[in-house]
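No lab work stands behind these numbers, since they all come straight from the coordinates. Please read these numbers as outputs of a predicted model, since none were measured by experiment. Note that we place each Cβ from the backbone using ideal geometry, even for glycine, and neighbour counts take in every protein chain shown.
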């Protein structure tokens with residue numbers, strides 16, 4: 001128990017000390033002072049202490065409070081507010097938040113003044129200013145406090161994490177971050193590693209200096225065992241204009257020439273010159289001169305390095321082309337021309353040669369010959385003069401880039417279509433026309449070719465000078481009727497009647513009935529889908545198929561759909577058409593005492609109740625006990641009677657008579673029965689007797 005009491009005493013004492021310290025807090029520059037005065041919105045907020053130690057109160061103006069305790073603060077603010085406000089009994093003034101005002105200057109990303117929490121250190125102040133700039137000197141930062149200056153080593157803190165290396169901060173302190181001595185007078189991105197690699201050398205007398213046609217000339221520190229290749233690499237290597245065969249080296253006041261190309265060709269280390277402290281290296285620029293003479297071969301056109309080359313004995317076509325850097329990606333390597341000194345022109349297909357598709361050897365090159373590598377024909381270039389007529393194939397119609405295309409015999413129709421971007425979405429790929437140089441026309445079905453495995457042997461033979469036309473698919477017939485003339489009738493199908501877009505449509509063997517119905521935007525709201533007719537024109541005799549599309553949608557039986565082909569006609573009739581248009585075999589007659597007697601369409605799913613409902617139901621005088629059904633649709637005529645009243649009391653569906661297409665339903669009229677006439681006569685006699693009796697009484 002004594003131990004617990006001691007702990008409680010210690011805790012209480014600590015809380016008392018903290019409370020006492022809080023009460024002894026004094027106002028600093030940057031602190032937030034909270035003033036609460038109920039009913040005054042302008043005073044119920046915080047006020048920051050400015051650099052002069054003042055807060056600016058509404059209706060009163062600035063008052064000095066720097067160094068005041070909270071008690072002194074309460075008294076002075078109350079005294080100042082009494083000049084403008086009467087009731088200050090509920091006034092409460094206290095230090096809301098202690099802060100410090102710090103100024104950061106020098107090599108920092110965002111120099112300026114910053115308000116920080118009172119417990120902030122140098123690292124927090126630097127972070128608030130966005131951090132240090134590249135090139136800041138970390139080991140000699142300066143803290144100014146009034147007239148007192150104090151240097152501190154921020155790098156030691158970063159290396160050790162020892163916070164005692166950093167000075168504490170107070171309001172109005174100034175932190176100055178100097179720039180590193182390695183940063184020059186001109187502002188630039190600073191990277192110490194890159195600066196050293198680009199030639200920074202402290203000892204200029206022993207440094208190796210390199211300039212001329214190198215990417216990063218400069219002064220590099222001398223090291224033992226360093227060679228010229230190391231120096232060239234540190235200077236970023238030579239430029240494309242460097243004369244690598246004439247590098248000049250001055251070492252120990254003795255100039256020498258060095259052939260870098262010879263060293264790279266042989267790899268002989270003995271060719272490398274010895275470097276000493278203070279060596280100077282100069283890489284000159286290539287001299288432009290016109291080379292000509294009896295031993296010169298000229299390479300022109302789309303090669304990496306066109307120009308005049310000295311032809312040595314035994315040099316082949318491939319040697320000279322390789323020395324010129326080879327063909328560029330824009331080169332037409334199939335049409336290389338060698339212009340001989342005697343003005344004779346030889347053509348050479350480098351592509352075939354490199355692919356091993358020809359036995360022809362490269363031409364022999366002699367001094368004075370010229371090699372010309374032409375540019376590829378640009379697909380966007382409309383100048384057809386770039387391709388000779390005897391080397392071109394013309395492709396027109398619905399392809400992405402129609403035009404004249406340079407042709408090679410190893411190409412085929414698929415290569416050509418791919419080269420022009422392929423058919424467009426409007427192309428009729430079932431009838432591609434090919435007109436050969438012998439004026440023969442060949443039709444090619446690209447769709448069938450692809451579906452049959454795309455065998456190369458099935459492709460038509462094409463040669464230079466041929467014309468290929470890709471036809472356009474017919475447009476929507478509802479939008480442009482004139483386009484029908486571009487579509488042959490043997491490739492068309494007709495759909496008429498109650499569809500949203502009747503007309504003449506393109507049809508193939510791969511399509512079926514639902515495809516063409518969808519193409520016509522389907523039946524409209526007036527369509528009678530129970531009685532669709534299809535007239536087949538591909539037969540040697542007339543044939544019409546009937547289709548109950550509603551039954552197909554109910555059952556999903558594909559066998560109900562008719563087989564259709566090019567030339568057929570599909571007709572969808574209207575629902576409310578004249579009953580004479582309906583065959584007697586597809587209707588049921590309803591006669592007698594019904595509201596709407598007549599002929600009605602019938603299908604196998606209907607009953608006598610459905611038919612009576614179609615006819616508007618029985619009339620008020622209908623004799624429902626003796627409804628007659630005359631069956632004329634089966635193998636022999638027969639008749640039966642149906643008692644509707646009895647069925648209504650039992651609801652036994654087995655009592656319903658079978659009704660078929662072609663039957664007749666007769667509902668007799670109750671007033672036509674003999675007994676009914678007798679009953680009506682007796683009623684009339686009774687009325688007459690009663691009337692006579694009344695007259696006699698009167």
Check your understanding: Which order, highest average first, do 394-400, 146-152 follow once you tally other Cβ atoms within 10 Å for each residue and take the mean per peptide?
Key -> 394-400, 146-152
Review point. Kirkwood Rh, Cα Rg: Rg to Rh for the stretch 99-177?
Key: 0.92
Exercise for review: Can you bin the stretch 53-144 into rounded, prolate or oblate? Criterion: square roots of the alpha carbon gyration tensor eigenvalues sorted a ≥ b ≥ c, rounded for a/c under 1.5, prolate for a/b above b/c, oblate for the rest.
Suggested key: prolate
Point to revise | Theoretical gain in end-to-end length, residue 270 to residue 205 [0.36 nm per residue, Cα-Cα removed] | key: 20.7 nm
Review point. Per Stokes-Einstein, at 20 °C and 1.002 mPa s, what whole-number D in µm² s⁻¹ belongs to the stretch 500-628, with the Kirkwood radius over Cα pairs as the hydrodynamic radius?
Key: 125
Revision key, fill the gap. Hull volume per residue for the stretch 208-283, using the convex hull of the C-alpha atoms, in Å³ is 80
Practice item. Determine by what factor the alpha-carbon radius of gyration of the stretch 481-572 differs from 2.2 N^0.38 Å, reporting the quotient. Key: 1.06
Review point. Taking every eigenvalue of the Cα gyration tensor of the stretch 384-472, multiplying by 5 and rooting it, what semi-axes result, largest first, whole Å?
Key: 20, 15, 12
Review point. If you take the alpha carbon radius of gyration of the stretch 56-104 and divide it by 2.2 N^0.38 Å, what ratio comes out, to two decimals?
Key: 1.31
**Study point:** Peptides ranked, highest mean first, by Cβ atoms within 10 Å: ranges 132-144, 645-657, 552-564, 493-505
**Key:** 493-505, 132-144, 552-564, 645-657
Check your understanding: Given the stretch 582-667, what whole percent of its Cα pairs are spread farther than 17 Å?
Key -> 43
Exercise for review: Starting with the highest mean, order 27-38, 611-622 by the number of other Cβ atoms within 10 Å, averaged over the residues of each peptide.
Suggested key: 27-38, 611-622
